[in-house]
1. When LEU61 is evaluated against the numbered criteria (1) surrounded by 13 or more Cβ atoms within 10 Å (Cβ to Cβ); (2) aliphatic (A, V, I, L, M); (3) at pLDDT below 95, which criterion, by number, is the only one it fails?
2. With respect to VAL8, determine if the residue is in contact (Cβ under 8 Å) with a residue 40 or more places away in the chain, in contact with a helix residue (DSSP H, G or I) (Cβ under 6 Å, 6 or more places away or on another chain) and either surrounded by 13 or more Cβ atoms within 10 Å (Cβ to Cβ) or closer than 15 Å to LEU61 by Cβ (or both).
3. Pick out the one residue from ALA66, ALA50 that is of a type in the set (A, V, I, L, M, F, W, C), in contact with a Phe, Trp or Tyr (Cβ under 8 Å, 6 or more places away or on another chain), at pLDDT 95 or above and surrounded by 12 or more Cβ atoms within 10 Å (Cβ to Cβ).
4. What are the residues in the range 14-47 that are modelled with pLDDT under 95 and of a type in the set (Ser, Thr, Tyr), if any?
Amino acid sequence: MATNWSTVIDPATFLQVANDSTGGWFWVSMLFMIVAVLLISLLPFGFEAAVLAAAFAGFMLGILLAYLGLAGWTWVVMYAGVIVAMILWIMYSQRS
């Protein structure tokens, strides 16, 4: 599949070309990879802290990608759900 580069006239269109070539999965995959690298990198600080920090970073980056139209809001809501679930898990596990 060849890309028509003559239609790329602004940065938003340039970013959208990667999504068009991969069926809309390029930026979602990049978001997942960034979160995975953060999660693995932050594991020495504890599992809960690593998941919360990685999910928060994914949430913030996901909001940016959703507003640019590069990723769906479903992925942003998924990271928000992970944050809420981890907060509930920490509250549950700290009970005596």
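The values are calculated or read from the model by the stated rules, or taken from the named source; none is laboratory data. Computed from a prediction, not measured in an experiment: that's the story for all the values here. We place every Cβ from the backbone using ideal geometry, glycine too, and count neighbours over all the protein chains shown.
1. With respect to (1) surrounded by 13 or more Cβ atoms within 10 Å (Cβ to Cβ); (2) aliphatic (A, V, I, L, M); (3) at pLDDT below 95, LEU61 is out only on (3).
2. Details: in contact (Cβ under 8 Å) with a residue 40 or more places away in the chain: no; in contact with a helix residue (DSSP H, G or I) (Cβ under 6 Å, 6 or more places away or on another chain): yes; either surrounded by 13 or more Cβ atoms within 10 Å (Cβ to Cβ) or closer than 15 Å to LEU61 by Cβ (or both): yes.
Here the answer is no, as VAL8 does not meet what is asked.
3. Details: ALA50 fails: in contact with a Phe, Trp or Tyr (Cβ under 8 Å, 6 or more places away or on another chain).
Being of a type in the set (A, V, I, L, M, F, W, C), in contact with a Phe, Trp or Tyr (Cβ under 8 Å, 6 or more places away or on another chain), at pLDDT 95 or above and surrounded by 12 or more Cβ atoms within 10 Å (Cβ to Cβ) holds for just one of ALA66, ALA50, which is ALA66.
4. SER21, THR22
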